[in-house]
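Read the structure below first, then the notes.
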Amino acid sequence: MSDQTFDAPVWHHGKALRKGYTTGSCATAAAKVAALMVMRQHLIHQVSIVTPSGVTLCLNVESPHVEGQQAVASIRKDGGDDVDATHGMLIFCPGHPQ
């Protein structure tokens, strides 16, 4: 699937519904960014991940921080038009070498 597939609305009872992404996708993206920031030693403000269904998501990173061998990144959850209790929350992930 392409980004265009993700951007295309889902129609339900004649209404176009905006798609969102899962909490797991947010956590995956935040973990990827945190690990990359530790390895590269610079801030990252946008990240791409591929979902299990093959959709590529390009997500903005909020409040990235890296200091020495530790980093933290967060992604804001967007539930689209199918919101749940996590809609709008920041999903954080720390990063550090093992």
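What number of residues in the range 22-73 are more than 15 Å from Cys93 (Cβ to Cβ), surrounded by 12 or more Cβ atoms within 10 Å (Cβ to Cβ) and of a type in the set (Ser, Thr, Tyr)?
2
If you check Pro94 against the conditions, is it assigned to a strand (DSSP E or B) and either loosely packed, with under 15 Cβ neighbours inside 10 Å or over 15 Å from the mean Cα position of the chain (by Cα) (or both)?
Criteria met by Pro94.
For the range 26-74, which residues satisfy the criterion of being among the polar types (S, T, N, Q), in a strand (DSSP E or B) and farther than 22 Å from Gln98 by Cα?
Gln46, Ser48, Thr56, Asn60, Ser63
Answer with yes or no whether Val38 is touching a residue at least 40 places away in the same chain (Cβ under 8 Å) and β-branched (Val, Ile, Thr).
Considered against the rule, which asks whether it is touching a residue at least 40 places away in the same chain (Cβ under 8 Å) and β-branched (Val, Ile, Thr), Val38 comes out as yes.
When the residues of the range 12-21 are filtered to those that are in contact (Cβ under 8 Å) with a residue 60 or more places away in the chain and surrounded by fewer than 15 Cβ atoms within 10 Å (Cβ to Cβ), which remaining residue is farthest from Val72 (Cα to Cα)?
Residue satisfying both the conditions and the ranking: Leu17.
What pairs can you find where one residue is in the range 75-98 and farther than 19 Å from Asn60 by Cα and without any contact (Cβ under 8 Å) to a residue 24 or more places away in the chain, the other is surrounded by 14 or more Cβ atoms within 10 Å (Cβ to Cβ) and charged (D, E, K, R), and their Cβ atoms are less than 9 Å apart, with a gap of 6+ or different chains?
Asp84/Lys77
Coordinate-derived values only; no laboratory data. This one's a predicted model, so the numbers in the text were calculated from it and none came from an experiment. Quick reminder, even Gly has a Cβ in these numbers, built from the backbone with ideal geometry, and neighbours come from all protein chains shown.
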